[in-house]
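Here the structure is laid out as structure tokens; the discussion comes afterwards.
The values are calculated or read from the model by the stated rules, or taken from the named source; none is laboratory data. In this text, all values refer to a predicted model and were calculated from it rather than measured experimentally. No Cβ is skipped: glycine too gets one built from the backbone with ideal geometry, and neighbour counts run over all protein chains shown. In case anyone asks, the SASA skips ligands and DNA or RNA and just uses the protein heavy atoms, side chains included. Shrake-Rupley method; radii C 1.70, N 1.55, O 1.52, S 1.80 Å.
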Amino acid sequence: MSSHQSAQTMKPATAAKKLGVYLEATPAEFREGVVSRSELSALQADPPQWLLDLRASGPHPRPVVAEKLGISIAGLARGGVTEPLTTEQIDALKDEDPGWLRRERSTQSDVRKENVRVKKLHAEQAEKRAQRSED
């Protein structure tokens, strides 16, 4: 008896998230269907024009907007940005460089530095434990 394995599928929202695009801006046939793992791989390997256009000009989902601005998603919310932005809007925001964006970038920089410090501390502690266990 052979087992037939069905293709693993995901909701369009999950696929859009994995592709880094805003679901509402995708074509209707993408939003209304399901996406198999092989279809997702094909979209990633050889993106159709609509996907290339979305990635280039948006509108972009919040995680992509935050990344392009160099801040956290929470920082976007604190700055009052709750809607998807186009690349043009993101560039305009960067050019404007409002106070909230400068603060959030500074906060994000501090968080990254702290993460590096903690990671280094943990590595040093692990190394000390390893040395003690050798003795």
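Amide H to amide H under 5 Å from G58: which residues, 5+ apart in sequence or cross-chain, H placed 1.01 Å off N in plane?
Hits under the 5 Å cutoff: T87.
Please list 126-133, 96-103 highest first by mean number of surrounding beta-carbon atoms within 10 Å per residue. Before the final figure, lay out each step's value.
Numbers: 126-133: 9.1, 96-103: 12.1.
Ranking the peptides 126-133, 96-103 by packing returns 96-103, 126-133.
Percent of accessible area on the chain owned by carbon and sulfur, 1.4 Å probe?
That fraction is 50 percent.
Calculate the translational D of the range 2-135 in whole µm² s⁻¹ from Stokes-Einstein, where the hydrodynamic radius comes from the Kirkwood formula applied to all Cα pairs, the temperature is 25 °C and the viscosity 0.890 mPa s.
D, rounded to a whole number, is 136 µm²/s.
Tell me the per residue accessible area of the chain using a 1.4 Å probe; a whole number in Å² is fine.
Ligands and nucleic acids excluded, the result is 70 Å² per residue.
Find how many whole Å separate the alpha carbon centroid of the range 14-41 from the alpha carbon centroid of the range 70-122.
Between the Cα centres of the range 70-122 and the range 14-41 lies a distance of 27 Å.
Rg over Rh of the range 83-130, using C-alpha atoms and the Kirkwood radius, what does it come to? Don't skip to the end; give the middle numbers.
Numbers: Rg = 17.7 Å, Rh = 13.4 Å.
Radius of gyration over Kirkwood radius for the range 83-130 works out to 1.32.
Residue by residue, what Karplus-based ³J(HN,Hα) values in Hz, rounded to whole numbers, does the range 39-49 have, using 6.51, -1.76 and 1.60 with θ = phi - 60° and x for Gly and Pro?
5, 4, 4, 5, 5, 6, 6, 9, x, x, 4
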